[in-house]
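What follows is a single structure, written as structure tokens, with notes after it.
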Amino acid sequence: MSELLEVKDLSVSFDTPQGEAQAVRDVSFSLKSGEVLAVVGESGCGKSVLCKTVMKLLPPSAKIKSGSILVNGTDIIGYQERDMCKLRGKLFSMVFQDPMASLNPSIPVGKQVAEAVKIHQKGLSKKEIYKRAEELMRLTGIACPEEHMKWYPHQFSGGMRQRTVMAIALAGNPKIVFADEPTTALDVAVQAQILDMFKKLQKKLGMAVVFVTHDLGVAARIADRIAVMYAGKIVETGTAEEIFYDARHPYTLGLLRSLPMYAEPKGELYTIPGMPPSPLSLPKGDAFACRNEYALKIDYEEEPPMFCISDTHYAATWLLDKRAPKLPAPYR
Amino acid sequence: MKDEILLDVQKLSHKFFPARKMEVKAVDEVSFQIRRGEIFGLVGESGSGKSTIAHCIMNIYQPSGGKIIFYTGNCQERRGFFNKKDMAVQEANSIDVCDPKEFRRHRRMLLAKRQIIFQDSSSSLNPRKKIREIIAEPMKIQHIAPVRGSLCAEAEYWLNQAGLDGSVLEQYPSELSGGQRQRVAIARALAMKPELLVADEPIASLDVSVQAQIMNLFLQLQKEHGFSFLFIAHDLLAVKFLCDRVGVLWRGKLVETAPSKELFENPCHPYTKTLAASIPVPHFRLRQEGDVW
């Protein structure tokens, strides 16, 4: 089987005092080994929850309502914490947004990397463990690691912290790395370095990466395939070229049009009207319908299925249906 | 109108002393001018001193060297801000805000005429106050008579200006989304009718589509009210879109100042070049004219 990870019809909801919040709704995607998938969407659209569901790192208030998560063909949806522990780190690991929150401020970084090595590779001597930790830190681009290993996280810059977290994530030679907005807290120049490091490591180690981001520019720089999420659903998925050169879903088009790069300076930026719906009370039909200039009547009645555009390119909008009126698409 | 200088920053320096016998020059002899009705952008990576400059301009930090001269507008408008005793002072039309004595003398006017918007709107709005109170508070402090009848009406007017409706008046900041909170902060700043608006990374923590909304709002409000605007960001594309002139900061020094069009077409300093090269730009194409879905 070439599919490393396959998620089918996954739905996750949270119990809140206000009622049930549907964070992820009927999401299906697959990941081949050695592939970079970027998950793009606004905050609150369920991108992080999706990653945490696969890793089973959700809080107790979350409930997986339906779906299956196939890893190398085995369904892990029913796995208990004990079984998951064996998979985490070895099969998949995760890099979070804020590296300062994932590192222990009172332990030198070298020791923290060594701890991860110790857990994943049993039977190594202390010397070998530290040697491996040093190797990992060098791999992620930390200059003279033998010196920097003794440093504490607060002495590191944001970029170096993120590299350290990456080294920890790589300690168990994972097949999949989930990166949850790893560059959001960094400024542009460092962000570019970290993205290059990700790309280089991903090629070198042949691992698959699920890269969660809200920045289409970041996605363009790193991803092979892109999935656009809106209100808990994947609304469009395709290769990077297909998303950037042939976007079909009005939401994806809206996101692209609202980027300032090709806008006339001092002109007006395109904005998507309205606000995303609350996951507590999703509207009937297509969740994007009320913000969609091209909404059809059926959008308010029934949710659109995924329409196939090419083998790799799918979009969930009724506009692609055969019976839909032929509306002119926005162009520039 | 456009060539009249509002703010003249001359050789501004600021040092921090994080530990004993340790000195960090956060801002090192930075000079620039902001003209009336202009949008000036400051870009640079984190730690380059962008925010320190903003804080110095707003008198939050006392700079360790240099001058920041604020040129005040016509006297008629300023009359309300002075006591009768200070008639002589009224005539002076340039104020060095770094001079504590001079600052104290003009404090009320300066606090009203310069406003700041911070990056993190959740920590810059008082969580225990309703939106109505948050917007009305500076007007109360400055004893500004509400032009529209009551402070509440005034608050509603400015909220509308910032693109929110009156329904949020009785809500607390925690009930609003990030974009809405940033709009409240903008409404609060504009309610004072500032001559200078400083925005310290106002869109960095917002979503892409909300960023576009807020940038449109800034442009529209600036056109309408004609204030000068110091826009601080690390997002070069936003700066390119918004600003008339841009200054590039690098390790506390201003390495390049140019009209934004020139800067992006022809960056001179090597640091500006690397900065321009590191923006992740998606090349994309929207559908062709005449395409259907």
Starting from residues that are of a type in the set (A, V, I, L, M) and over 19 Å from A:Met94 (Cβ atoms), keep the ones in the range A:1-51 and report whichever is surrounded by the most Cβ atoms within 10 Å (Cβ to Cβ). A:Ala21
Would you call B:Val281 within 14 Å of another protein chain (Cβ to nearest Cβ), outside any helix (DSSP H, G or I) and crowded, with 24+ Cβ neighbours inside 10 Å? no
Can you give me the ranges of the strands (runs of 3 or more DSSP E) entirely in the range A:13-73 with at least 1 residues that are closer than 23 Å to A:Asp286 by Cα and touching an Asp or Glu at 6+ places or on another chain (Cβ under 7 Å)? A:19-32, A:62-71
Would you please name the residue that is modelled with the highest pLDDT, looking only at residues in the range A:227-247 that are within 9 Å of chain B (Cβ to nearest Cβ) and crowded, with 24+ Cβ neighbours inside 10 Å? A:Ile243
From the list B:Leu263, B:Leu254, B:Leu219, B:Leu237, which one is outside any helix (DSSP H, G or I) and either without any contact (Cβ under 8 Å) to a residue 24 or more places away in the chain or under 20 Å from the mean Cα position of the chain (by Cα) (or both)? B:Leu254
Determine whether A:Thr271 is in contact (Cβ under 8 Å) with a residue 24 or more places away in the chain and out of contact with any Cys (no Cβ under 9 Å at 6 or more places or on another chain). no
On the given criteria, is A:Lys199 farther than 30 Å from A:Val39 by Cα and of a type outside the set (S, T, N, Q)? no
Failed item, numbered, when A:Lys118 is tested on (1) part of a helix (DSSP H, G or I); (2) buried (at least 21 other Cβ atoms within 10 Å of the Cβ): (2)
Considering only the range B:216-239, how many residues are surrounded by fewer than 24 Cβ atoms within 10 Å (Cβ to Cβ) and closer than 16 Å to A:Tyr270 by Cα? 6
Single match in A:Pro260, A:Pro277, A:Pro265 (criterion: more than 9 Å from chain B (Cβ to nearest Cβ) and either modelled with pLDDT under 90 or assigned to a loop (DSSP other than H, G, I, E, B) (or both)): A:Pro277
Evaluate the following for A:Ala287: is it more than 10 Å from chain B (Cβ to nearest Cβ), over 26 Å from the mean Cα position of the chain (by Cα) and either among the aliphatic types (A, V, I, L, M) or closer than 20 Å to A:Phe244 by Cβ (or both)? no
What is the number of the single condition among (1) crowded, with 17+ Cβ neighbours inside 10 Å; (2) assigned to a loop (DSSP other than H, G, I, E, B); (3) in contact (Cβ under 8 Å) with a residue 40 or more places away in the chain that A:Leu319 does not meet? (2)
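The values are calculated or read from the model by the stated rules, or taken from the named source; none is laboratory data. This structure is a prediction, so every number in the text was calculated from the model and none was measured. For neighbour counting, all protein chains shown are included, and Cβ atoms are generated from backbone atoms with ideal geometry for every residue, glycine included.
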